[in-house]
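Student: Below is one structure. I have some questions about it.
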Amino acid sequence: MIIKDDEVHDLPTPTGPMRTYVFRPVAEGRYPCVLLYSEIFQVTGPIRRTAALLAGNGFVVAVPEIYHEMEPAGTVLPYDTAGADRGNAHKIAKELSSYDSDARAALDFLKAHPQGTGKLGVMGICIGGHLAFRAAMNPDVLAGACFYATDIHKRGLGKGMNDNTLDRMGEITGEMLMIWGRQDPHVPREGRQLIYNAMNDAGIHLQWHEFNAAHAFIRDEGPRYDPAAAKLCYAMVLEMFKRRLGEGDILASREGTGAGETRH
């Protein structure tokens, strides 16, 4: 589907406006919604391309700037040592409660979006995987996809580095898709096992997949990118979201606009 990617909103939150980018199909209609969380670098090119991929498959996608209190709106941190250091410093300077209130603000925005069906999913990468996991604790989230979610196993998210994600897993009612890299030093085998056991103990409906891949293997630039593994992962994400959130008006929109035709 052809998409629209120039919709920008500054959503009100308890800690100030949160710049949020929306990607959605151009075709008129209503589509299920996905809240997409970025890595520590905020809304980079690879994150925008992930959002575009989701939107092109029939979803309204909102991508917030996770450090909106700490950086000017529109800030993108570079994929280098300085950018990583800055992003990691912000990660543990921000209040845990602010991450949660940001999630609720974004979910409420999507639920009310005029092109949305009100069906909500979440997805995140790296720190975004952890944020998506916490966002899935909201009862109106029907499905969540988390890519190598950092810091869950060591309670390292937010100011004070003592988050309660492991304790709150029982609040998740939707289906979860958890994807990891076996060669990811940020979430070692022992950490993955801790999370897996906790999720099973909490009775969460989950899929669990581990790839022989490094951290950031889904990011489509840089030396750790694995295109074949990324393709498989996106297929699993789309299958779950379409099954759990539905397809909205995607078929009607194609029929009404001639988008189903093949021309060269």
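What follows is calculated from the coordinates using simple rules that are stated; it is not laboratory data. None of the values given here were measured: they were computed from a predicted structure. Quick reminder, even Gly has a Cβ in these numbers, built from the backbone with ideal geometry, and neighbours come from all protein chains shown.
Student: So for each of 233-245, 135-147 I average, over its residues, the number of other beta carbons within 10 Å; can you give me the resulting order with the highest mean first?
Tutor: Descending mean neighbour count gives 135-147, 233-245.
Student: Return D151, D85, D100 ranked ascending by Cβ neighbour count within 10 Å, so the fewest neighbours appear first.
Tutor: Values: D151 21, D85 12, D100 17.
With the fewest neighbours first, D151, D85, D100 line up as D85, D100, D151.
Student: Now, a different point. For the chain, with the dipole built from +1 on Lys and Arg beta-carbon atoms and -1 on Asp and Glu ones, taken about the Cα centre, which of T20, P139, P227 lies farthest toward the positive end?
Tutor: Going by the charge dipole, the pick is P227.
Student: Then there is this: I'd like the distance separating the alpha-carbon centroids of segment 42-79 and segment 128-148, in whole Å.
Tutor: Their Cα centres are 16 Å away from one another.
Student: For E95, enumerate residues with amide H under 5 Å from its amide H, sequence gap 5+ or separate chain, H modeled in the peptide plane.
Tutor: It is K159, by chain and number.
Student: What fraction of the DSSP beta bridges in segment 3-256 is antiparallel, stated in percent and rounded to the nearest 5?
Tutor: Among the beta bridges of segment 3-256, antiparallel pairing accounts for roughly 30 percent.
Student: For each of F133, F59, count neighbouring Cβ atoms within 10 Å of the residue's Cβ, then give the residues from fewest to most.
Tutor: Lowest count first: F133, F59.
Student: Using a Cα distance threshold of under 12 Å, what count of lysine pairs results for the chain when pairs must be 8 or more residues apart or interchain?
Tutor: 4
Student: What label, among (i) 207; (ii) 136; (iii) 120, belongs to volume of the Cα convex hull per residue in Å³ computed from the structure on display?
Tutor: (iii)
Student: For q = 0.11, 0.16 Å⁻¹, what log10 I(q)/I(0) does segment 1-95 give under the Debye formula with an equal point scatterer on each alpha carbon and no solvent?
Tutor: Scattering profile of segment 1-95, log10 relative to I(0): -0.33, -0.66.
Student: Moving on to the next point. Relative contact order for segment 3-256: what is it in percent, counting Cα pairs under 8 Å that are at least 6 residues apart?
Tutor: This gives 19 percent for segment 3-256.
Student: Place the peptides 25-32, 174-181 in order of packing, highest mean first, counting for every residue the other Cβ atoms within 10 Å and averaging per peptide.
Tutor: With the highest mean Cβ count within 10 Å placed first, the list reads 174-181, 25-32.
Student: Can you sort Y99, Y225 from fewest to most other Cβ atoms within 10 Å of each residue's own Cβ?
Tutor: Y225, Y99
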